[in-house]
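Just below is one structure, and these are the notes that go with it.
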Amino acid sequence: MIYFEDDKLTIRNMETEDVQVFTDELIAQGWHPDIAGYMSRLKDQTEGKCIALSAVYEGCPAGYVYVYLHVEEGPFKGKGWPIIVDFNVLKKYQRRGIGNRLMDAAEQVAGQYADTVCLGVGVCDSYGTAQRMYVKRGYIPDGSGVWYQGRQCVQYETVCTVDDDLILFFSKQLRGD
């Protein structure tokens, strides 16, 4: 399915062929992606658990995001809100508006299921751009503090080395009902 299209950018459902491109490109960026993770997300899409979106810029996969229809953990579990997961635009395609278009599509999808959408974002500086973008788009912190691996952190507790699993949760009302 196509969610957005203009002369340079298409936002569509992720396809199996995208997986290898994203894996190779992220390795080139110095990351260590696991292709099995992408395949698992595609399986979830096939099973109706999520919608996997790819941004294709001038014919090349440039970014992706997943919209899961049910929150499995964290402060929004059981609220019936979709959650946006794993938002990423490859570095060589950043600063072209792709991320905002991808988020527009993700919010459009989420809005078909609920009036509110949520997400979690890492707290280290590598997530700074995403943190700022979410706030500019109207996301607000839920107030539950920092979470690690699905568990709310307690003040003064030693939890972890700061990694990708240390997150803050945000939500955004998509429409008033």
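Taking every DSSP bridge with both residues inside region 2-173, close to 95 percent are antiparallel.
Ranking VAL65, GLY97, TYR3 by Cα position along the charge dipole of region 2-173, where only Lys, Arg, Asp and Glu carry charges on their C-beta atoms, puts GLY97 farthest toward the positive end. Rounded to the nearest 10 degrees, the inclination of helix 16-28 to the longest alpha-carbon principal axis of the chain is 70 degrees. Remark: relative contact order (the chain) = 18 percent; criterion is Cα-Cα distance under 8 angstrom and separation of 6 or more residues. Taking a ≥ b ≥ c as the square roots of the eigenvalues of the Cα gyration tensor, region 102-177 is prolate, since a/c reaches 1.5 or more and a/b is larger than b/c. With a Förster radius of 41 Å applied to the C-beta separation of TYR113 and THR161, the computed FRET efficiency comes to 0.70.
Laboratory data are not the source of any read-out in this text; all were calculated from the coordinates shown. Since the structure is predicted, the reported quantities are computational estimates derived from the model, not experimental observations. Reconstructed Cβ throughout: ideal geometry from the backbone, glycine too, with neighbour counts over all protein chains shown.
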